[in-house]
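Take a look at the structure set out below.
Read the figures in this text as sums done on the coordinates, not as results from a lab. Not measured: the values here are computed from a predicted model. Positions of Cβ are generated from backbone atoms using ideal geometry, with glycine treated the same way; all protein chains shown enter the neighbour counts.
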Amino acid sequence: MKKTLPASMFLSVILMLGCGGTAPSSSVKTGELAPCPGKPNCVSSLAEDKKHFIEPFSYTSGKKEAMEELKAIISKQKRMTIVSETENYLHVESRTKFFKFVDDVEFYFPDDEQIIHIRSASRLGYSDLGVNRKRMEGIRELFIKKTKH
């Protein structure tokens, strides 16, 4: 007779895993964000391959103003929390509604350009079904509206 796990036990394991995973260790190294892993659950404006690449954000104001605008947008997003910040970097955690899976969202403001390099990656799993890309494009759209006074 084949034994199977009860649905409640399976769900408990999934919920426990949702809180797991490791946050990136200060991803900005020598002016770059960490590269995306080989999995399709990450996008980055510094990626060299098409499946992971996403355009960086651009702005025309000063860096400080652009960061404040971005922080205001993030503060209004459901289940997104700024977890660390420097004068040129934001690390944000985004949690899924049901299973509480964590995605790490990063924004890097290089000193010599009016762009924001971006990276969004799932901590666990293989595919994200395009969620990280959709999230970043949604934030980009809000950022463009907010900065085009």
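Data overview
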{"read-out": "Paramagnetic reach from residue 115 in segment 32-58 [backbone N under 19 Å; point 7 Å along Cα→Cβ]", "value": "32-36, 43-58"}
{"read-out": "Set 76/97; 51/134; 39/76; 63/146; 51/71; 50/97 screened for pairs whose C-alpha atoms are more than 19 Å apart", "value": "39/76; 51/71; 50/97"}
{"read-out": "Separation of the residue 145 and residue 49 label points, Cα + 7 Å toward Cβ, nm", "value": "3.4"}
{"read-out": "For residue 89, residues with placed amide H under 5 Å, excluding near neighbours", "value": "109"}
{"read-out": "Virtual spin-label span in nm between residue 99 and residue 134, 7 Å along Cα→Cβ", "value": "1.5"}
